[in-house]
Amino acid sequence: MIKLAPSILSADFANLERDIKMIEQAGAELLHIDVMDGHFVPNITIGAPVVKSLKKVSSLVLDVHLMISAPENYIKDFAEAGADIITVHAEAATHLHRLIQMIKKEGCKAAVALNPATPLNVLDYVLEDLDMVLIMSVNPGFGGQKFIPSALDKIKKLRSMIRERGLHIDIQVDGGVGIDNIAEVTSCGGNIIVAGSAIFNAPDPTMAIKKMKEAVRV
Ligand code: DX5
Ligand code: ZN
């Protein structure tokens, strides 16, 4: 099943509850929360206290994308704040295997994100432990960037890798996805689609969600 994960990075931070209710009613399944530290990526966003507040007002799956250095120091905070899925970047991890176990031990689903230039083989020895892999289709740090086409081939190869090993792992795709290219992304094997600007910068975000869902018939 294809699921939509609107990214609150492009929402109105002064009206997060309003924006989240809107995407909930429009049928989104997950809430993608972009955590940036100004170190791993050149931008700063929000931390665990905001996740804790959002947990109180939303029943959506809280999908926390950590774009931070030394993620091992913050896993517990985000888990306790109410994260359902915690995604760490392979590029930010010295001990990726340990980090994945740490996330699972906290009772969250574990995911690893790969930047556009990072090869799939970093997953070779951890794939079996993962609930989801996040393929970045832009360089992380900002919303509203253009989709990098080489991500499509990467998604296809990852889907085959998962299938060959007989696993059931979600492939999330993040960055530059909208109404015009969502079908291509899902046809390559992406099944959890993040969209920030395509939804929140649309004149009618509810309609944007409906159109994206129609484009992949879910
Ligand atoms: C980028 C973030 C994305 C971002 C996507 O670093 O990880 O989740 O919000 O925004 P759009 O959909 O506008 O590319
Ligand atoms: Zn993200």
Set Lys76/Lys146; Lys3/Lys56; Lys3/Lys105; Lys3/Lys146, cut-off 27 Å on Cα-Cα distance; pairs above it are Lys76/Lys146
Work out the length of the dipole vector of the chain about its Cα centre, built from +1 on the beta-carbon of each Lys and Arg and -1 on the beta-carbon of each Asp and Glu, and round it to the nearest 20 debye. 340 debye
Give the carbon-plus-sulfur fraction of the accessible surface of the chain in %, rounded to a whole number; probe 1.4 Å, heavy atoms of protein chains only. 51 percent
Write down the accessible area per residue of the range 3-215 in Å², having rolled a 1.4 Å probe over the full set of protein chains. 44 Å²
Kindly write out, for the range 57-74 in residue order, the coupling ³J(HN,Hα) from the Karplus curve 6.51 cos²θ - 1.76 cosθ + 1.60 (θ = phi - 60°), rounded to whole Hz, with x marking Gly and Pro. 10, 9, 9, 5, 5, 8, 10, 9, 9, 8, 9, 9, 7, 6, x, 4, 7, 10
Take the Cβ-Cβ distance between Ala117 and Ser160 as r, set R0 to 22 Å, and report the resulting FRET efficiency rounded to the nearest 0.05. 0.60
For the chain, with +1 on Lys and Arg beta carbons and -1 on Asp and Glu, the positive-most of Ile46, Ile171, Gln101 along the dipole: Ile171
So what is the relative contact order of the range 3-215, in percent, for Cα pairs below 8 Å that sit 6 or more residues apart? 20 percent
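The values are calculated or read from the model by the stated rules, or taken from the named source; none is laboratory data. Bear in mind the structure is a predicted one, so any value in this text is a computation, not a measurement. Ideal geometry is used to build each Cβ from the backbone, glycine not excepted, and the neighbour counts take in all protein chains shown. Note: areas computed on protein heavy atoms with side chains; ligands, DNA, RNA excluded. Shrake-Rupley method; radii C 1.70, N 1.55, O 1.52, S 1.80 Å.
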